[in-house]
Structures are given as C-alpha cells and as structure tokens.
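In what follows, a structure is listed as structure tokens, so that the remarks can point back to it.
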Amino acid sequence: MKNLGSCLCKQVTFEVDKFQGSIGHCHCKMCQKFHGAAFSTFVETNRADLTWLSGEELLKEYSADNDSIRTFCACCGSSLLFQSKYNRSEDTVEIALAAFDKLEPVHPDAHIYTESKADWFDINDKLPQFKRYRATE
Ligand SMILES: [Zn+2]
Ligand SMILES: [Zn+2]
C-alpha cells in the first residue's frame, strides 16, 4: 500500500512506497526545537521510494552545524524530512511520521538521544532507551 503524507497547509503532498529500517522517537534538542515538541518520530525510506505529489517548490531546507539537513514547508513550517550525512551517503531520507495521513502499521522501537529528554516529559512505555544513537550503530 502507498503511504500518503502532507504538510499542515496541505500544499505539499507525497507518497512513500515502502519504509526501511527502524523507527525511533528522537529526544535530541534539535528535534525538540524544530518540531516544537518533546520529541520527534522519523521513519526511514530509500530516496527513490519517496515521490512528491504536489508543492515540491515550497520545500525549504535548513542546514544545521552538525551537517544535518531538515526540510520543511515554506508556507506552514511543517517538518517533513531529516537527512544526516549518513542518510545522504546511503541515499535514504527520514520522514516525519506525524506528517502521514494514510500509513501502514508501524512500530517505533526505541527512544534515542534521551540524554537531552525534556524534563517535563516522562517516558512511560517499555521501549529501550539510548542516551544518544542506538547502541548497535
Ligand atoms: Zn505547508
Ligand atoms: Zn533528533
């Protein structure tokens, strides 16, 4: 099935054929700032499996000091994509899970970068927690 997503103003829409890799809740400070939330949740896909259906001209990029690039809608500010240097070398991209309107069943499996978790948010699930990135990588 096709996974369909959009930004808040609905001008940017996209579809994703299939996901790959694991899905983590990221508590890093940059995700907190960019999403205006306690954490972000991204799903990874091969670049080739992501197709823009509309609004591609509205996409803007923010490049951070750590060489990561975040893509957002210039009209409504919705966070859409994240790419680290690693993603770029693998030709993969991380997509904000909350941007999807139609989504196959997915199962986030960890909390990452909990060293910077917001004090006002308590993790109450049983998922493994990593201070920084997953220990296996
Ligand atoms: Zn938008
Ligand atoms: Zn993060």
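The values are calculated or read from the model by the stated rules, or taken from the named source; none is laboratory data. Just so it is clear, the model here is predicted, and its values are computed rather than measured. Quick reminder, even Gly has a Cβ in these numbers, built from the backbone with ideal geometry, and neighbours come from all protein chains shown. Ligands, DNA and RNA are stripped out before the accessible areas are found, and what is left, the full protein with its side chains, is counted by its heavy atoms. Shrake-Rupley method; radii C 1.70, N 1.55, O 1.52, S 1.80 Å.
Considering only alpha-carbon pairs that sit under 8 angstrom and 6 or more positions apart, the relative contact order computed for segment 16-89 is 23 percent. Excluding GLN83 itself, calculate the net charge of residues whose Cβ lies under 15 Å from the Cβ of GLN83, where each Lys or Arg counts +1 and each Asp or Glu counts -1. Summing Lys/Arg as +1 and Asp/Glu as -1 gives -3. Packing order of peptides 11-20, 96-105, highest average first: 11-20, 96-105 (average count of other Cβ atoms within 10 Å over each peptide's residues). Other residues lying with their Cβ under 10 Å from the Cβ of CYS28 contribute a combined charge of +3, Lys and Arg counting +1, Asp and Glu -1.
Annotation for GLU56 and LYS10: the two label points, set 7 Å from Cα along the Cα-Cβ direction, are 2.3 nm apart.
Taking Cβ atoms as reference points and 10 Å as the exclusive limit, the residues near GLU115 contribute a net charge of +4, counting Lys and Arg as +1 and Asp and Glu as -1.
State the dimensionless ratio Rg/Rh of the chain (Rg: radius of gyration of Cα atoms; Rh: Kirkwood radius). Rg divided by Rh gives 0.94. Only Cα pairs under 8 Å and 6+ residues apart enter the sum, and on that basis the relative contact order of the chain stands at 29 percent.
Computed over protein heavy atoms with a 1.4 Å probe, the accessible surface of the chain works out to 57 Å² per residue.
Heavy-atom surface analysis with a 1.4 Å probe gives segment 7-125 a carbon and sulfur content of 49 percent of its accessible area.
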